[in-house]
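The values are calculated or read from the model by the stated rules, or taken from the named source; none is laboratory data. Quick caveat: nothing in here was measured; it's all calculated off a predicted structure. Note that we place each Cβ from the backbone using ideal geometry, even for glycine, and neighbour counts take in every protein chain shown.
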């Protein structure tokens with residue numbers, strides 16, 4: 001366990017691994033050490049989108065919202081398969097993102113908020129989505145979130161899907177449902193035997 005100079009734990013507590021797997025929905029926040037700025041531009045944005053896409057494909061995730069801010073970033077991932085693992089996806093993302101921040105670097109651990117089952121319902125989930133995308137407005141960077149150039153969503157195969165478009169939610173949930181329903185059912189366990197052991 002890593003300790004800081006005052007002898008306290010130098011990491012955020014994590015839930016059990018299974019909470020980040022399968023159909024989990026997690027709001028992640030990545031912050032730079034010392035809240036470093038000066039790295040956010042369109043080239044970084046494009047590279048970041050590409051890495052989010054790779055992480056989504058590797059771990060069968062959708063990213064319905066991400067928002068890059070001058071000193072930190074938010075993203076929401078939704079697991080689409082029983083085998084989805086957001087801790088693996090975050091490890092992958094951080095490995096390839098950190099060099100892009102040079103000479104700055106990410107804090108040693110991302111902050112996360114695993115959404116409970118009741119928070120994953122469409123209407124409730126939309127509030128989390130709006131919270132993430134409204135960050136530039138709360139930070140007085142723009143008057144309307146849609147004007148911030150460093151936000152979006154990543155749904156593999158749909159590069160033109162954009163938050164705030166009129167049909168976003170309808171298409172997003174249609175794709176989400178289609179992908180989830182395409183998963184094969186859980187294989188049955190071994191047959192039970194009546195023979196004494």
Report every pair of residues separated by at least 6 positions or lying on different chains whose Cβ atoms are under 8 Å apart, first residue within the range 31-49 and over 28 Å from residue 159 (Cβ atoms), second assigned to a helix (DSSP H, G or I). 36/101
Filter the range 64-111 down to residues that are more than 20 Å from residue 139 (Cα to Cα) and outside any strand (DSSP E or B), then give me how many there are. 29
Go through the range 53-64 residue by residue and tally those that are buried (at least 21 other Cβ atoms within 10 Å of the Cβ) and under 19 Å from residue 129 (Cβ atoms). 6
Starting from residues that are in contact with a strand residue (DSSP E or B) (Cβ under 6 Å, 6 or more places away or on another chain), part of a loop (DSSP other than H, G, I, E, B) and modelled with pLDDT under 95, keep the ones in the range 112-160 and report whichever is farthest from residue 74 (Cα to Cα). 120
